[in-house]
Structure formats: C-alpha cells, structure tokens
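J.: The structure is given below, and queries will be raised subsequently.
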Amino acid sequence: MKYWILSFSTIFLTILMGCSSRTNEQGTTSKKQPESQVAKIAFKGSLKVLTLNAWHEGTKVSDGFNAIAKVIHRSEADIVMLCEITNHNNVVFSDRIVKELMDRGEKYYSFNSGKSPIILSKFPIVSTPALNTSYLTKCRVQIDENLQIAIYSAHLDYTHYACYLPRGYDGITWKKLPEPILDTKIILEQNKASQRDEAIALFVNNAQEETENGNIVLLGGDFNEPSHLDWGEASKDLFDHNGTVVPWQNSKTLAEKGFLDTYRTKYPDPVTHPGFTWLANNTHVPLDELVWTPEADDRDRIDFIYYRPHERLALEDAVVVGPVGCVVNGERVVINPGQDKFLEMNGIWPSDHKGVLATFRID
C-alpha cells in the first residue's frame, strides 16, 4: 500500500492515430485500433469500470498475478485502473496481463506509462496525453465515432496519511502516539503536506479541458486519503474517528468541481454502507504483513471511482470487490459492519486493498 515508492522518470510519448501500436521510452506498449475500425464502433449499453490496488502487481501473494487476472475476468470490466504496478523483474506488466486475459477470452488494449497506475480498456486507446506528475496516468478511449472517455488512473501520495492521527498513530512515521490527535486543523495540515492535493489540482484542470471537448471523464484509484462524505456527523463516533468530523480536502475539491463519487452516490449513508476498501482481510497473508495500526480500527474507504455527469452517462451500480472481512485492532474480522454489496472472489485474493466496480449506462 503506502510504502510503494514511485518512479519519477521523464516519459516522452509519441501518438499517431493511424498506428496499430505505440512504444514509450521504457519499452511499454499500448495497442491501438486503426482509425478505420474506430469509426465503425457504435456502443450503447452497460459500461463497467474497475479500480484495484494490485499490491506490487500481485507479488506479495502466492500466485497473485493469476489472481489479478481472475478478478478482472470475473468483474467483466470494460475499463480497468490498476496501481502499484512495478514491471517486476523488468517484465512489462501490462503486456503480460493483456496476454493472460486474451488466453481467458478477453481482449484488452493497454497503456503503461512506466508509472505505478496503468489502464486496460476493451475500447480502442486513441491517445495517451502526458501529465506532469507520477501519481496519475491518462489515456483516451473511443466509445463510438462521436464520443471518447478520458480515463485517469491514480495512485496518490502515501505519505502524511493523516487519518491515522485521530486513531492514535502518526501518519508519517506510522508509530503509535501518546494520545489521539483530534484537532481538525492539525489533521488537515498534515494531510495537505502530502502531494495529493497537487495531483488532484492537476487532474481538475486537465479534466476541465476534456469536459469542454464533450468527453466523459473518469478518475479511479488508490487515493491514500478518505472522503469527507465518510467522516461526518453520522460516523464521528465509529471506526475510531473519536468524535472528529474531518472535511478531507481532496474529496471536497472534487465535489466542488462537480465530480461524483460512484459508491457514495449509489449509497449515501456511510453507516449502513461504509464501503471499506482498506484493510482487506487477506487470509493468504500473515497478519504482520497487513497490519499498520495494531491497536486501532483503521478501516476506511480510500479507493474510489469518480465521474463527472455527462448527458450520455448514468450510474447504475457500485460494489466493493474482494473479501468481505477487514482487520480491526490487529485482528481479522470476517463480517462487514454494514449492508455493502460485494463481488467476492473465491480462492486467492491478490491485494491488501479491496477494489471498486462501478456500472454505468451509456445511451
């Protein structure tokens, strides 16, 4: 999760609409569709979008790579946003997963910028504009001859994880504090000292251009920060919030700029539907490899899919993907405290996070 160190390599991308493939300076490849085929697309119907922190691309779990492929295949996702992709052993993960999914009967195009987040799409990738940050990867996919989707896959800064402060742990050192810090001003100051707000500001400005061009905009990934929608009056005495009401800056910024949180739009009540994505009770991993706060309840929703309203786009459903259970006070808890809807996976789970799957309708 938070200890993945991102690469700051400079990426130069060259995009040619007529090409069948493109390669960046790190040798990663994104398959593209010839323009003549793109023009024939006429998509109307269900659009499924999955986001998942792949936990060092599945290497932390035995047979984790195949488990990731299974999650994608079973989700039937049309667009997949994965983070903590390391191109382990100098093998380009996006190429490997595309081949594996093809063997399972699913054809995907991919974009791997050499950063942690990557994007898979069943629709043709027609451009891959560079962003000046290591926390976001962007591409555009073609839905039909009149509509594109701008996809932003995120893995935001893991440092200054300020939601630990009211739980009695430091968000920089991860060490236990003498007592919880409940002053909202101090909590937000530590939160803003991360690079998350800079990445979200860049996204907001960039996405505005996509909106003005009539494109659908989707943002998904591991934000390493909760939502203000989950830390309000209703939940202030739950999950070791210790009475705090915290207006987390980045979810507020996105809301103020007109972006909707898919899970909280579908399920507005954070008590009946907490939607926790952290921490997953991964039974194939020892507890000491999962637990960060052994004397606290650090359950949170830190993995999101956001969208901006569009005349052709309607949200139909949102579910949590992965094991129902979490870890609380250093112990495995096999039940969910609310009424969340899950897409559970049998067998090995590849991550310490849970994923999110949103279903849209495009007309």
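J.: Please determine whether any residue of segment 288-296 is surrounded by fewer than 18 Cβ atoms within 10 Å (Cβ to Cβ) and touching a helix residue (DSSP H, G or I) at 6+ places or on another chain (Cβ under 7 Å).
T.: no
J.: Here are some conditions: (1) within 22 Å of ASN53 (Cβ to Cβ); (2) buried (at least 23 other Cβ atoms within 10 Å of the Cβ). GLN142 meets all but one. Which one does it not meet?
T.: (1)
J.: Continuing with this model, one more query. Which ones in segment 52-88 are modelled with pLDDT under 95 and out of contact with any His (no Cβ under 9 Å at 6 or more places or on another chain)?
T.: The answer is ASN87, and nothing else.
J.: Another question about this same structure. Name the residue, out of LEU238, LEU156, LEU182, LEU177, that is in contact with a Lys or Arg (Cβ under 6 Å, 6 or more places away or on another chain) and of a type in the set (A, V, I, L, M).
T.: None of the other options fit; the residue is LEU156.
J.: Do any residues in segment 83-104 that are within 23 Å of HIS353 (Cα to Cα) have Cβ atoms under 8 Å from those of residues that are hydroxyl-bearing (Ser, Thr, Tyr) and open to solvent by 60 Å² or more (accessible area, probe 1.4 Å), where the two are at least six apart or on different chains, and which pairs are they?
T.: That search, which allows pairs on different chains as well, returns THR86/THR59; HIS88/THR59.
J.: Using the structure shown, decide if HIS284 is assigned to a loop (DSSP other than H, G, I, E, B) and either crowded, with 20+ Cβ neighbours inside 10 Å or in contact with a Leu (Cβ under 8 Å, 6 or more places away or on another chain) (or both).
T.: Against the criterion (assigned to a loop (DSSP other than H, G, I, E, B) and either crowded, with 20+ Cβ neighbours inside 10 Å or in contact with a Leu (Cβ under 8 Å, 6 or more places away or on another chain) (or both)), HIS284 does not qualify.
J.: What are the pairs, 6+ residues apart or on separate chains, where a residue within segment 119-137 that is over 24 Å from ALA69 (Cβ atoms) and touching a residue at least 40 places away in the same chain (Cβ under 8 Å) has its Cβ under 7 Å from a residue that is open to solvent by 20 Å² or more (accessible area, probe 1.4 Å) and basic (Lys, Arg)?
T.: The qualifying pairs are VAL126/ARG140; SER127/ARG140; SER134/LYS115.
J.: When residues of segment 186-198 are filtered for being open to solvent by 10 Å² or more (accessible area, probe 1.4 Å) and part of a loop (DSSP other than H, G, I, E, B), how many remain?
T.: Number of matching residues: 2.
J.: Among the residues of segment 236-273, which ones are in contact with an Asp or Glu (Cβ under 7 Å, 6 or more places away or on another chain) and assigned to a loop (DSSP other than H, G, I, E, B)?
T.: PHE239, ASP240, GLY243, VAL245, TRP248, PRO270, HIS273 - these are the residues of segment 236-273 that are in contact with an Asp or Glu (Cβ under 7 Å, 6 or more places away or on another chain) and assigned to a loop (DSSP other than H, G, I, E, B).
J.: Considering only segment 68-86, how many residues are open to solvent by less than 10 Å² (accessible area, probe 1.4 Å) and assigned to a helix (DSSP H, G or I)?
T.: Number satisfying all stated conditions: 5.
J.: Suppose we filter segment 199-235 for residues that are of a type in the set (D, E, K, R), buried (at least 16 other Cβ atoms within 10 Å of the Cβ) and not in a loop (DSSP other than H, G, I, E, B); how many remain?
T.: Number of matching residues: 3.
J.: Among TYR152, TYR135, which is the only one that is within 18 Å of LEU52 (Cβ to Cβ), open to solvent by 20 Å² or more (accessible area, probe 1.4 Å) and modelled with pLDDT of 95 or more?
T.: None of the others qualify; the one that does is TYR135.
J.: Residues in segment 118-140 that are out of contact with any strand residue (DSSP E or B) (no Cβ under 7 Å at 6 or more places or on another chain), within 13 Å of ASN206 (Cβ to Cβ) and of a type outside the set (Ser, Thr, Tyr): how many?
T.: Number satisfying all stated conditions: 2.
J.: Starting from segment 151-171, take each residue that is under 29 Å from TYR307 (Cβ atoms) and in contact (Cβ under 8 Å) with a residue 40 or more places away in the chain and list its partners that are surrounded by fewer than 24 Cβ atoms within 10 Å (Cβ to Cβ) and aromatic (Phe, Trp, Tyr), counting only C-beta distances under 7 angstrom and pairs at least six apart or across chains.
T.: What qualifies is TYR158/TYR3; TYR158/TRP4.
The values are calculated or read from the model by the stated rules, or taken from the named source; none is laboratory data. Everything numeric here is computed off the predicted structure, so don't read it as measured data. With ideal geometry, Cβ positions are generated from the backbone for all residues, glycine too; neighbour counts draw on all protein chains shown. Ligands, DNA and RNA are excluded from the accessible area calculation, which covers all protein heavy atoms including side chains. Shrake-Rupley method; radii C 1.70, N 1.55, O 1.52, S 1.80 Å.
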